[in-house]
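A short write-up of the structure that comes next.
What follows draws every value from the coordinates through simple rules; no lab data is involved. Computed from a prediction, not measured in an experiment: that's the story for all the values here. A quick note on method: Cβ atoms are made from the backbone with ideal geometry, for glycine too, and the neighbour counts reach across all protein chains shown.
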Amino acid sequence: MVKFKLMMILSSVMLLMVGCNNANNNGLIDIKLAEVTHSIFYAPQYVAIENGYFAEEGLEIDLVGAQGADLTMAALLAGDVQIGLMGPEASIYVYNQGSKNLAVSFAQLTQKDGSFLVGREPDPNFDFSDLAGKEILGGRAGGVPLMTLEYVIKENGVEVGNKENQANVRTDVEFSAMAGAFIAGEGEYVTLFEPTPTAMENEGTGYILASVGEESGLLPYTAYSALDSYISENEDIIQGFTNAVYKGQQFVREQSAQTIAEIIAPHFTELELDDLTTVVQRYQDIEAWSETPYLTEESFNKLMSIMEIGGELEQEADYNAIVNNKFATEAISGDFQ
């Protein structure tokens with residue numbers, strides 16, 4: 001089993017916290033938020049920033065790019081950030097390692113895998129069974145993107161391994177380097193998050209063949225987490241943060257792809273508005289975003305099942321210990337309005 005990498009900090013920095021939550025010059029509380037990657041997949045978050053939903057709750061968000069759930073969790077545990085956006089599997093790993101200060105998921109953002117399978121040529125008739133005997137750059141061992149991909153491949157009747165007629169899913173390329181490695185000639189397929197696949201299509205270096213999330217179904221793919229000690233001491237901040245996320249989720253559920261694209265455009269200046277709209281529409285079409293921040297036990301258990309199938313879960317974690325729906329329930333009730 002591949003151990004979750006936490007940079008050897010679990011025992012030495014578990015009690016470190018960030019700042020004192022003092023108001024900045026705008027009268028808002030600064031919140032450092034590490035995101036597992038910068039992607040249109042997290043559109044409700046960027047809508048909440050641009051539409052002023054966080055500001056309405058007295059918060060100002062400072063986004064930190066972490067590039068991977070392991071690094072996002074490391075930043076959270078080290079006290080470099082107060083909140084991390086990542087897969088709940090990271091919290092499961094911390095729980096199973098016996099940490100006294102748990103990373104608790106308090107608001108789900110997405111409900112499906114947000115990655116797309118990219119090939120070297122267009123293939124309108126692509127099927128995941130076509131991956132038999134092929135080499136795929138799949139991501140970091142122990143990460144949900146890799147495990148979900150392998151789950152989908154197996155569900156389509158293909159074994160994962162190095163033998164003939166098996167899908168060879170590689171885990172030796174860093175998450176942030178996967179697109180570059182593919183463009184340089186490694187692998188026959190790669191899984192990537194938008195906006196990278198669309199940029200590759202524009203350049204002719206790769207073509208989107210399928211949505212992994214559409215194939216895998218509902219899953220608590222990314223959620224916001226904070227240390228339980230921080231949550232207990234800052235309930236008002238966590239509630240305000242969750243309220244803002246919920247407003248963003250409601251907005252993307254009700255608005256057109258073009259409207260959403262226009263709002264989040266400042267976060268993705270590398271894309272033309274038409275391309276950004278296309279990407280948003282892709283995520284709308286597969287219903288990638290959770291309608292509420294509530295993380296259900298059923299979906300949490302499915303995540304653990306996928307981890308077990310992937311050989312990355314030694315024991316199941318206690319849902320009630322690392323998921324806190326108190327703030328989501330309050331936000332959904334509308335009491336904050």
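Some observations on this one:
- Around THR198: net Lys/Arg minus Asp/Glu count, Cβ-Cβ under 9 Å: -2
- Alpha carbon convex hull of the chain, projected area averaged over orientations, nm²: 16.4
- Likely footprinting exposure, THR269, THR205, fewest C-beta neighbours within 10 Å first: THR269, THR205
- Just checking the listed ones, LEU85, LEU273, LEU218: in the Gaussian network model of the chain with Cα springs under 10 Å, the one fluctuating most is LEU273.
- Total formal charge among the other residues, if their Cβ is under 13 angstrom from that of LEU146, Lys/Arg +1 and Asp/Glu -1: -4
- Each residue of the range 287-296 is assigned a 3J(HN,Hα), and the resulting list reads 6, 6, 9, 5, 6, 9, x, 6, 9, 6 Hz, derived from the Karplus form 6.51 cos²θ - 1.76 cosθ + 1.60 (θ = phi - 60°), x at Gly and Pro.
- Highest-MSF residue in the chain out of SER256, SER115, SER232 [GNM, Cα springs under 10 Å]: SER232
- Close amide-amide hydrogen proximity is noted between GLY206 and GLU201, each under 5 Å apart and 5 or more residues distant or on a separate chain (H modeled in the peptide plane; Pro and chain starts excluded).
- Over the C-alpha trace of the range 115-216, radius of gyration and Dmax come out as 12.2, 34 angstrom.
- Rounded to 5, percent antiparallel among DSSP beta bridges of the range 115-216: 60
- GNM top mover of LEU219, LEU109, LEU63 - the chain, alpha-carbon springs below 10 Å: LEU63
- Proximity of backbone amide H atoms, modeled 1.01 Å from N, is registered between LYS32 and ASP62, GLN82, ILE83 at under 5 Å, excluding neighbours fewer than 5 places apart on the same chain.
- For the range 174-208 versus the range 237-267, the gap between their alpha-carbon centres in whole angstrom: 27
- Taking a ≥ b ≥ c as the square roots of the eigenvalues of the alpha carbon gyration tensor, the range 17-117 is oblate, as a/c is not under 1.5 and a/b does not beat b/c.
- Binning the C-alpha pair distances of the range 162-317 at 5 Å intervals from 0 yields a P(r) profile of 1, 7, 12, 15, 18, 17, 14, 10, 4, 1, 0, 0 %, listed from the shortest bin outward.
- Above-threshold pairs, the threshold being 31 Å between Cα atoms, out of LYS112/LYS326; LYS32/LYS247; LYS100/LYS247; LYS32/LYS112; LYS100/LYS163; LYS100/LYS134: LYS100/LYS247; LYS100/LYS163; LYS100/LYS134
- Computed from backbone phi, the HN-Hα couplings of the range 231-246 come to 4, 5, 8, 9, 4, 5, 5, 5, 5, x, 4, 5, 4, 5, 4, 4 Hz, rounded to whole numbers (Karplus: 6.51 cos²θ - 1.76 cosθ + 1.60, θ = phi - 60°; Gly and Pro given as x).
- In terms of surrounding Cβ atoms within a 10 Å radius of their Cβ, LYS163, LYS112 rank from fewest to most as LYS163, LYS112.
- Here the Karplus curve 6.51 cos²θ - 1.76 cosθ + 1.60, taken at θ = phi - 60°, turns the phi angles of the range 130-137 into couplings of 5, 7, 4, x, 10, 10, 10, 7 Hz, with x standing for Gly and Pro.
- Share antiparallel - DSSP beta bridges, the chain, percent rounded to 5: 55
- Cα centroid separation, the range 88-111 to the range 127-141 (Å): 28
- A simple charge model with +1 on the Cβ of Lys and Arg, -1 on the Cβ of Asp and Glu and nothing else charged puts the dipole of the range 115-216 at about 260 debye relative to its Cα centre.
- Built amide H within the under 5 Å cut-off of LEU109, gap 5+: THR222, ALA223, TYR224
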